Structure formats: C-alpha cells, structure tokens
Amino acid sequence: MDRDARGRPVVHLELHTRDLRGARDFYRRLFGWRSERVERGGREYTTLGRGGGIVECEAPAPLWLPYVHVEDIFAATRLAERLGAVVLLGPREGPAGWRSVVRTAAGGEVALWQPKEPGSFRGPWADTGDGRGGDRE
C-alpha cells in the first residue's frame, strides 16, 4: 500500500449513539452543524455537518467511528489483522465503495473506506449534488 508523507485521510466521522435527538441538538448548538435525514436503498441515515453522520443504535456508550481512506480494502483489512486488530466487519461492498471495521489491540475502532470512484476521497454519505447525500450500503 502506498503512503505519502501525510498518511491516509479521515474522510468521514460517524457517531454511534442511543440518543440521536440529543446528539443532533448538542452538536448543532455547539458547532452549528446541521443535520439532515436522508434515505438511500430503503435505509435512513442522519447526516451531521460536512462529512459526518449519526447512527442511532444500542451502543453501550457513544462512539465516534472515523472512516479512513484506503487504496485496497482487502489489503488494508489484512494488514490491520496482522498488526493485532480484530475484524468486526469484513470488507463489504455498497453503492459508493467498500468498507470494513476493525478494533485495535488497544480497543479503538476504525472503519476502512475504499471509494469506487478512483482518486475520490468522499466518504460513504458525501454529497453527490442531488441533495440526498451519498451512497451507503
């Protein structure tokens, strides 16, 4: 995997929380981040600011999940495993790209993201210009 001096960019931040409404209101009031409910492929998602989103789920505590751009989702996932990470979600294809999620040996979680559009650094819900956000599986 090629790496330049800047490393791999974070292209999306996703908050997993039990309190969607509370989180949405807090970040709007603190940072002025707007949120919008979007639907893709029969699934709903709440975007947050530019390049972020909120997932309402049964997470035991709120968790920020960064999505990091990689050139090869399969190679990056195997490398993470060799470095001691546990694969929580193996590489999965969605309309805009592939993602996997790993937990580091220290307990941190990170999503690996390979967009289908070569050279694109857009995340899974990036604005596509149609007002509906980007794609996600």
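Here, each number is a calculation from the coordinates, and none is a lab measurement. Since this is a predicted model, take the numbers as computed values, not measurements. In this analysis, Cβ positions are derived from the backbone assuming ideal geometry, glycine residues included, and neighbour counts consider all displayed protein chains.
Cβ-Cβ below 6 Å, separation at least six or inter-chain, first residue in the range 95-120 and more than 23 Å from R43 (Cα to Cα), second loosely packed, with under 15 Cβ neighbours inside 10 Å: which pairs?
R103/V86; R103/L88; A105/G84
When you go through R43, R28 one by one, which is the residue that is without any contact (Cβ under 8 Å) to a residue 40 or more places away in the chain and at negative phi?
After applying the criteria, what remains is R28.
Hey, among the residues in the range 53-71 that are surrounded by fewer than 15 Cβ atoms within 10 Å (Cβ to Cβ) and small (G, A, S), which one's farthest from F26 (Cα to Cα)?
A59
Pick out the one residue from R29, R78, R24 that is assigned to a helix (DSSP H, G or I) and exposed (fewer than 12 other Cβ atoms within 10 Å of the Cβ).
R29
Taking E44, is it of a type in the set (D, E) and either loosely packed, with under 14 Cβ neighbours inside 10 Å or touching a Phe, Trp or Tyr at 6+ places or on another chain (Cβ under 7 Å) (or both)?
So E44 passes the test.
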